[in-house]
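**Student:** Have a look at this one before I ask anything.
The values are calculated or read from the model by the stated rules, or taken from the named source; none is laboratory data. Values in this document were obtained by computation on a predicted structure and should not be read as measured data. Neighbour counts are summed over all protein chains in view; Cβ atoms, including those assigned to glycine, are modelled from backbone coordinates with ideal geometry.
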């Protein structure tokens with residue numbers, strides 16, 4: 001059995017290693033689950049965030065790495081069980097010269113510019129938090145947004161709090177720092193019964209056989225000692241895992 005898994009460059013969830021292989025927390029999780037289903041060949045497919053949903057919906061690949069579950073996205077694809085719960089965060093230049101502590105702080109500084117990846121939930125979360133359209137600068141990929149931040153073209157980059165902590169370590173703590181956003185500031189993507197937005201793998205509607213088999217294996221694996229150990233290697237802790245284990249049905 002062969003499966004194609006689409007991913008994007010967004011550490012620690014997924015990225016292309018120096019040897020050209022795909023790695024990351026979400027790719028590791030998908031690999032473990034798919035192997036239990038008897039999948040013998042897993043082909044990673046690097047794409048952009050904007051192409052994830054259209055690509056899987058059109059059958060260009062079999063599943064996507066996790067992204068936040070929203071009603072709009074649920075109308076386009078089928079989601080697996082949630083696999084992590086993560087709040088938003090801002091990446092800013094070291095010293096946080098504009099004192100940007102959340103979306104409200106960005107909105108209050110009309111000269112502040114916020115980088116967001118096109119189509120990600122942080123765009124709507126920022127607008128819900130009061131950030132004006134003319135303050136938001138859209139990018140297609142994380143690398144482009146971070147380059148703009150380092151060059152001073154934008155003042156902050158909105159993504160997941162966990163992702164930004166990892167990026168800060170990679171870019172260098174002498175250059176950037178990560179700032180967590182309070183949960184109340186990002187209502188978009190929040191799931192009932194869980195105070196934090198949750199992410200899940202996605203499948204083409206009509207591909208219920210793969211989705212259901214994947215969910216059965218996922219349900220047995222999530223929260224296990226092995227799962228926690230493997231995710232810890234990528235920086236995911238009980239803070240990101242416990243909410244989805246408690247929410248699991």
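**Student:** Quick one: which helices (runs of 4 or more DSSP H) sit completely within segment 68-128 and have at least 1 residues that are under 17 Å from the mean Cα position of the chain (by Cα) and over 30 Å from residue 207 (Cα atoms)?
**Tutor:** In segment 68-128, the matching helices (runs of 4 or more DSSP H) lie at 121-128.
**Student:** While we're on this one: Only one residue in 154, 179, 137 is closer than 26 Å to residue 239 by Cβ and outside the structural domain of residue 11 (by TED's automatic domain parsing), so which one is that? Before you say what the answer is, go through the steps one by one.
**Tutor:** Numbers: 154 fails: closer than 26 Å to residue 239 by Cβ; 137 fails: closer than 26 Å to residue 239 by Cβ.
Step by step, each of 154, 179, 137 is checked, and only 179 is closer than 26 Å to residue 239 by Cβ and outside the structural domain of residue 11 (by TED's automatic domain parsing).
**Student:** Inspect segment 53-75 for any residue being surrounded by fewer than 19 Cβ atoms within 10 Å (Cβ to Cβ), in contact (Cβ under 8 Å) with a residue 40 or more places away in the chain and within 24 Å of residue 235 (Cα to Cα) and give the result as yes or no.
**Tutor:** no
**Student:** Tell me, yes or no, whether segment 30-40 has at least one residue that is within 19 Å of residue 240 (Cα to Cα), in contact (Cβ under 8 Å) with a residue 60 or more places away in the chain and surrounded by 17 or more Cβ atoms within 10 Å (Cβ to Cβ). Give the derivation first.
**Tutor:** Step one: list which residues in segment 30-40 are within 19 Å of residue 240 (Cα to Cα), which gives 30, 32-33.
Retained after the next criterion (residues that are in contact (Cβ under 8 Å) with a residue 60 or more places away in the chain): 30, 32-33.
From what's left, surrounded by 17 or more Cβ atoms within 10 Å (Cβ to Cβ): 30, 33.
Yes, segment 30-40 contains a residue that is within 19 Å of residue 240 (Cα to Cα), in contact (Cβ under 8 Å) with a residue 60 or more places away in the chain and surrounded by 17 or more Cβ atoms within 10 Å (Cβ to Cβ).
**Student:** Do the conditions hold for residue 201, that is, is it within 30 Å of residue 36 (Cα to Cα), outside any helix (DSSP H, G or I), modelled with pLDDT of 95 or more and assigned by TED's automatic domain parsing to the domain that holds residue 33? Steps first, please.
**Tutor:** Working: within 30 Å of residue 36 (Cα to Cα): yes; outside any helix (DSSP H, G or I): yes; modelled with pLDDT of 95 or more: yes; assigned by TED's automatic domain parsing to the domain that holds residue 33: yes.
Judged against the criteria, residue 201 is a match.
**Student:** Check residue 193 against each of (1) outside any loop (DSSP other than H, G, I, E, B); (2) modelled with pLDDT under 95 and name the one condition it does not meet.
**Tutor:** In the conditions (1) outside any loop (DSSP other than H, G, I, E, B); (2) modelled with pLDDT under 95, residue 193 misses (1) alone.
**Student:** Does residue 16 count as in contact with a helix residue (DSSP H, G or I) (Cβ under 9 Å, 6 or more places away or on another chain), surrounded by fewer than 19 Cβ atoms within 10 Å (Cβ to Cβ), within 30 Å of residue 156 (Cα to Cα) and touching a residue at least 24 places away in the same chain (Cβ under 8 Å)? Break it down stepwise before answering.
**Tutor:** Values: in contact with a helix residue (DSSP H, G or I) (Cβ under 9 Å, 6 or more places away or on another chain): no; surrounded by fewer than 19 Cβ atoms within 10 Å (Cβ to Cβ): yes; within 30 Å of residue 156 (Cα to Cα): yes; touching a residue at least 24 places away in the same chain (Cβ under 8 Å): yes.
For residue 16, the condition - in contact with a helix residue (DSSP H, G or I) (Cβ under 9 Å, 6 or more places away or on another chain), surrounded by fewer than 19 Cβ atoms within 10 Å (Cβ to Cβ), within 30 Å of residue 156 (Cα to Cα) and touching a residue at least 24 places away in the same chain (Cβ under 8 Å) - is not met.
**Student:** Right, something else. Please count how many residues of segment 150-169 are in contact with a helix residue (DSSP H, G or I) (Cβ under 9 Å, 6 or more places away or on another chain) and part of a helix (DSSP H, G or I). Quick ask: steps written out before the conclusion?
**Tutor:** Initially, segment 150-169 is screened for residues in contact with a helix residue (DSSP H, G or I) (Cβ under 9 Å, 6 or more places away or on another chain), giving 150, 153-160, 162-163, 167.
Filter again for part of a helix (DSSP H, G or I), leaving 150, 162-163, 167.
The qualifying residues number 4.
**Student:** Same structure again: Collect the residues in segment 51-67 that are under 26 Å from residue 241 (Cα atoms) and outside any strand (DSSP E or B), keeping them in residue-number order.
**Tutor:** Applying the first criterion (under 26 Å from residue 241 (Cα atoms)) to segment 51-67 yields 52-53, 56, 62-67.
Residues satisfying the conditions are 52, 53, 56, 62.
**Student:** Another question, then. For segment 129-139, name all the residues that are assigned to a strand (DSSP E or B) and either in contact (Cβ under 8 Å) with a residue 40 or more places away in the chain or surrounded by fewer than 18 Cβ atoms within 10 Å (Cβ to Cβ) (or both). Let's see the steps before the verdict.
**Tutor:** Within segment 129-139, the subset assigned to a strand (DSSP E or B) is 136-139.
Listed by number, the residues that qualify are 137, 138.
**Student:** Yes or no: segment 178-185 includes at least one residue that is more than 23 Å from residue 159 (Cβ to Cβ), surrounded by 15 or more Cβ atoms within 10 Å (Cβ to Cβ) and at pLDDT 95 or above.
**Tutor:** Checked against the condition, which is being more than 23 Å from residue 159 (Cβ to Cβ), surrounded by 15 or more Cβ atoms within 10 Å (Cβ to Cβ) and at pLDDT 95 or above, segment 178-185 yields no hits at all.
**Student:** Mind checking which residues of segment 218-243 are buried (at least 16 other Cβ atoms within 10 Å of the Cβ), in a helix (DSSP H, G or I) and in contact (Cβ under 8 Å) with a residue 24 or more places away in the chain?
**Tutor:** 218, 221, 227, 230, 231, 240, 241, 243 - these are the residues of segment 218-243 that are buried (at least 16 other Cβ atoms within 10 Å of the Cβ), in a helix (DSSP H, G or I) and in contact (Cβ under 8 Å) with a residue 24 or more places away in the chain.
**Student:** Name the single residue that is farthest from residue 99 (Cα to Cα) among those in segment 140-171 being at pLDDT 95 or above and surrounded by fewer than 19 Cβ atoms within 10 Å (Cβ to Cβ).
**Tutor:** Applying the filter and picking the extreme gives 144.
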